[in-house]
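All remarks here apply to the structure that follows.
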Amino acid sequence: MGATEQPAERTERRDTGSRPWWEDRGPIASAVLGAGVVICTAVIEVVDQPTQVVLVVVTIVLVLASLAGLVRMRTYARLFASVRRWTRGHRTVALLGAVALVAGSTGAAVALRSAQSCEDPTEVAVMVPEDGAPGFSAAADAFERASTTAFSCPRYHLTTFGVGWPALRAAFASGWGHAPGEAGAASLELGPRPDVWLAESGAQVDIVAAEGAGQRFTLSGRTLVAGSPLVLAVPEPHAEALRATTGPGDSIDQLMAAAAAADIDVVRANPDVSFAAALHTVDLYVESDAEALELDLGHALEEVGLPIGTDGALLCRLDELSRTEPPRVAVLTTERATAGRGTACPAPDADGGRSDLVPFHAGSAPGLDYTAVRLTWADAEPAGRRAEAASAFAEWLRTAEGQAALKQEVGARGLDGRPPSDADGPLPGLEDAPVIEPGANLVAHTRIVSAEERYRTARRPAQVLVLVDASASMGRPADGDRQRIDVAERGVLGALGHLSGSDKVGIWSFSGTAGSSPRRVLDLTSSEVARHEAPEHLGALRPGGRTPLYDAVDAGTSYLVGLDPGGASRRHLTALVVLTDGENLPGGGAGAELTAADLVASARAQEASGVRVYVVAVGEASCQGSDLQKIAAEWDGECWDSSFGELESTLGSMFGQLGGR
């Protein structure tokens, strides 16, 4: 009897005892837990991904606990009772814990608020190759996104700028410190002094180190990050002819012989402005007559209608010509350039297509070995954080994420040597490409310099006619106390220094009306004589009148065509360089009726083959989407936009392509 009454007594005591407050206040406890959910949700928006995962788990637990509190709060009765009893016996510890909790919460709130404001990221200047600059810039952006703090604040801000090989070479040789306009100085318009240089090759770094010895910079921390083999690239419709007669391991000479047998011309960019072309030239000169080879390569460019200059300019023009029927031409270039990644070519027309280039790899051919180099400048403030950021970027490029960015954005090969690919597999033309690790076939920088020097003696001599705009607008101020015509005069005189003794140059001016223009300032003569006489003749120009631009271009091209009626078989590189700050305003007289369409049509005449037109647009003139750009392209040249402050360096770069100095 007693055994059955004891449980009833215990039950009675438990039922008649006081009820804990939380049993009647389930909603309050749920509200507290819900507040925690809200806080976690707010914090999730400002933290990095790993922390977000943790907060998501915590949020889920709090939500479940809050729901449990609403449904059945008695579940926590024993737990809360134990906590209450322990707190009564340890009041000091509990008080200290509460204070710590409040202080920690306050500190966390302050830290969160501070983190949300974000400190300024470390600024890093990164110099990248001009060909492919957009792709390298995209890879740098990927590094920024991958290098955020726990609160998604950017650690680094990378400013990337593309610089051509001859320009950066001259800039390093001068210490990057001369002001624009000083004789022989590199232009500061290149960009800020770089903290990191993504060189196309370790050989470039060796050349810069040798030519810039004694200057105010130090090169350190060379890091190989990617590569791109040299190839002979052929438009897809003509590639089958080479596939049938070539095989793996064929030399570049064998590939070129197979192209010739298939009636495919071989072209190459200018070794003075393209490092890849200079690398190709090292192999080409081993068993070839350099002068005969350069004559053949030059004639092939003119026969097809391709510009001299960089790989990017050549391939973009080939892309335009291939929208109807790809020409029978093979290009000595790099695998990266054929992939078209990171190259800013104009988009094809809606009714035009794009022909893929198929790269043929020569056995044991060298290639680009992209190398990240850190730079320290002697007269700069201590690098500190910039140096750390530069090292972090170089190291990131070798990680899996960095390698993926270089493959996808740049079209380069990673350190594993496998061909670049996208989500659909290897890029077009690379399905059967061999594995070639970066740096597998290096070329000593001394051999490259030797090939460059040999090219300058073997290349075709140039004959260049310069048309200088002397209309009334050229009398306006350019910068400071100088008129536009003064800046143009200095730019032309500086550009003459890029022509060698075998080159010829003449200078004409145009202004007034079509019937009275152009006028001869200096007859076609040797570059040495021109450098001596041009200052006096150019100094006599006085701006005035209208701008008979098209009439002047027509007169200049007609004159050059008449010098050598051989067309594409000319023994001279023949070019018209037009410097103008405005649009065609011909006034009256013979030639006033000429249009851009007339100049485009005359470029297609057989006898015009081999004459190139280059335009430098300054002031109000512009190349973008203009008739000037169309005219230059049809005459196998280029249109370059420039400011008056950059005019000297722009003309220097252009004449460097024509004269090779």
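A short reminder: the numbers here are calculations on the coordinates, not readings from a lab. Predicted model only: the values in this text are computed from it and were never measured. In this analysis, Cβ positions are derived from the backbone assuming ideal geometry, glycine residues included, and neighbour counts consider all displayed protein chains.
Things worth noting here:
- Cα shape, region 467-552, gyration tensor, a/c 1.5 rule: oblate
- For the pair region 138-180 and region 193-233, the centres of their Cα atoms are 14 angstrom apart.
- Rounded, prolate or oblate (a/c below 1.5 giving rounded, otherwise prolate when a/b exceeds b/c) for region 524-574 by Cα gyration tensor: oblate
- Calculated FRET value between residue 211 and residue 38, using beta carbons and R₀ = 60 Å, to 0.05: 0.40
- Across region 53-65, computed HN-Hα scalar couplings (Karplus, 6.51 cos²θ - 1.76 cosθ + 1.60, θ = phi - 60°) run 4, 4, 5, 4, 4, 4, 4, 4, 4, 5, 4, 5, 5 Hz from first to last residue, x flagging Gly and Pro.
- 5 angstrom amide H check on residue 251, placed H, neighbours 5+ away: 363
- Long-range amide H partners of residue 466 with built H, under 5 Å: 506, 507, 508, 577
- Peptide packing for 269-278, 130-139, 201-210 was compared via the average number of neighbouring C-beta atoms within 10 Å per residue; ordered from the highest value, the list is 269-278, 130-139, 201-210.
- Amide H contacts of residue 125 (H built 1.01 Å from N, in plane; Pro and chain starts excluded): 159, 195, 196 sit under 5 Å, all sequence-distant by 5 or more or on other chains.
- For region 221-236, 3J(HN,Hα) computed residue by residue from phi via the Karplus equation (6.51, -1.76, 1.60; θ = phi - 60°) reads x, 4, 9, 6, 10, 6, x, 7, x, 6, 9, 10, 9, 10, x, 3 Hz, glycine and proline entered as x.
- Applied to region 582-590, the Karplus parametrisation 6.51 cos²θ - 1.76 cosθ + 1.60 on θ = phi - 60° returns per-residue 3J(HN,Hα) values of x, 9, 5, 10, x, x, x, x, 4 Hz, with x for Gly and Pro.
- Space enclosed by the convex hull of the alpha-carbon atoms of region 526-661, per residue, Å³: 128
- Burial order of peptide ranges 479-490, 631-642, 214-225 (average beta-carbon count within 10 Å, highest first): 631-642, 479-490, 214-225
- Inter-centroid distance (Cα atoms) of region 631-661 relative to region 307-332, Å: 19
- With bins 5 Å wide beginning at 0, the percent of Cα pairs of region 419-522 falling in each bin runs 2, 9, 11, 11, 10, 9, 8, 7, 9, 9, 9, 6, 1.
- For the Cα trace of region 383-422, dividing Rg by the Kirkwood Rh returns an Rg/Rh value of 1.11.
- Cα coordinate range in region 226-313, projected on the principal axes (Å, largest first): 34, 34, 27
- Whole-angstrom gap from region 601-620 to region 235-273, using each part's C-alpha centre: 29
- When DSSP beta bridges are restricted to pairs lying wholly in region 440-574, around 45% turn out antiparallel.
- Listed peptides 167-174, 146-153, 253-260, 646-653 by packing density, highest first (mean Cβ within 10 Å): 646-653, 167-174, 253-260, 146-153
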